[in-house]
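Just so it is clear, none of the values below were taken in a lab; they were calculated from the coordinates. Worth saying up front: this structure is predicted, and the values here are computed from it rather than measured. A quick note on method: Cβ atoms are made from the backbone with ideal geometry, for glycine too, and the neighbour counts reach across all protein chains shown.
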Amino acid sequence: MEEEASKELPDECWEIIFNRLKHESDQESITLVCKRFLSISDFLRVSLKLSGYTPITVLCRLLKRFSNLKKLQVCNFRGDMNEAILAIARSGLDLEELVALSDCRSHPEVWLEELSSSMKSLKVLKFTGGEGDADFVRVADAFPQLEELYIKDEAPYIISVTDKGMDYMSSKLKRLRKIDLSNKSRVSDKSLISLSKNCPLLEQIEIHDCNSVTQEGISFLFNNSHHLNLLYICKYLKIDSFGVEGSTNILTNLQSLRLQYVDIPDEFLFSIIEARIHLTDLALTDCKSYTFDRYLKAPTSLFSISEVFRVGESRVPHK
């Protein structure tokens, strides 16, 4: 019996084999072979996505079953989100990413402290809030190592995030790399300045319907966020220069620029074409432009930089 047992592959070898299975159907099939394969497969599972109504009892069983989870998404959750996040916090998992979004507001004051005490490695946090600045202050105090943040406001025009909350958050989250400012109606240029000054590693920012943001704030962001590689602006805004003249030699890391409902001058587009050698895509959606209008026939136009160069060199005369 001992000789037969010694011939069995150790779990570590099976893990290497299972990790090479690329197709989900193959991964599911191995769990049906025996309890040992099921156990190994469960341990290798590092991400889990739940949607719709998932009873708390089922959630707790899944958290116990997949003991090595690093990424967990609970989207469109129709149960008690506060109870669900408390169960996650008490599961013993050390997550790196938690997405907890629903149509109902959650109450971070109920679970945030408990979550922060158990999730020491958390880098990405996205959840449905609803208490404006208070949400950002609690997150900043609880997770100073956070790198990506998105808080969905349930009632952005009633209790909204302000420059005060953004300034406090950015002063605490020095490692912040990505932030989504969607529907932050009371956020102004001051918040962009705070992010640029306080978060030197900032790489991606989305500015969606931030009514008080102007080209001056975006220009400051351009000139002071040296690691910025993705910028998405969705708001009715007319730009004269965006600080292009001062930023052409600074934004060397910019890879993706996506503008929607923005009035764009030729000078800005030509400067992007000539200076953004690392730009890999340029998306102009429902934007007003001059010379470029005839080349942007589709509602959404996505170009690689080589395609933009071809347009600029062969059909558009440089000024």
> Taking the Cα-to-Cβ direction at VAL110 and at SER171 and moving 7 Å from each Cα, how far apart do the two end points lie in nm?
Replying inline: 3.1
>> Could you work out how much longer the chain between THR285 and SER118 gets when fully extended? Use 0.36 nm per residue separation minus the Cα distance between them, nm to one decimal.
In response: 55.9 nm
>> Net charge around GLU206, counting only other residues with Cβ within less than 9 Å of its Cβ (Lys, Arg = +1; Asp, Glu = -1)?
In response: +1
>> Principal axis extents for the range 190-239, Cα atoms only, whole Å, descending order, please.
In response: 28, 19, 15
> Can you work out the FRET efficiency for the pair SER51 and LEU86, with r the C-beta to C-beta distance and R0 = 25 Å, to the nearest 0.05?
Replying inline: 0.80
> Quick one, what does Rg over Rh come out to for the range 85-127 if you take C-alpha atoms and the Kirkwood Rh?
Replying inline: 0.93
> According to the square roots a ≥ b ≥ c of the eigenvalues of the Cα gyration tensor, what is the shape class of the range 52-118, taking rounded for a/c under 1.5, prolate for a/b larger than b/c otherwise, and oblate for the remainder?
Replying inline: oblate
> Cα-Cα over 21 Å: which of LYS70/LYS172; LYS71/LYS120; LYS123/LYS235; LYS120/LYS172; LYS172/LYS235?
Replying inline: LYS70/LYS172; LYS123/LYS235; LYS172/LYS235
>> Quick check on my link table: of LYS49/LYS197; LYS184/LYS288; LYS64/LYS197; LYS49/LYS238, which ones sit more than 32 Å apart, alpha carbon to alpha carbon?
In response: LYS49/LYS197; LYS64/LYS197; LYS49/LYS238
>> Once the cut-off is 15 Å, how many percent of the Cα-Cα pairs in the range 75-164 end up in the long-distance tail?
In response: 55
> Cβ under 13 Å from ILE56's Cβ, ILE56 left aside: what net charge do those residues give with Lys, Arg +1 and Asp, Glu -1?
Replying inline: +2
> Where Lys and Arg each count +1 and Asp and Glu each count -1, what net charge lies around ALA87 among other residues with Cβ under 12 Å from its Cβ?
Replying inline: 0
> How much length is gained on full extension from GLN145 to LYS238, taking 0.36 nm per residue of separation minus their Cα-Cα distance?
Replying inline: 29.9 nm
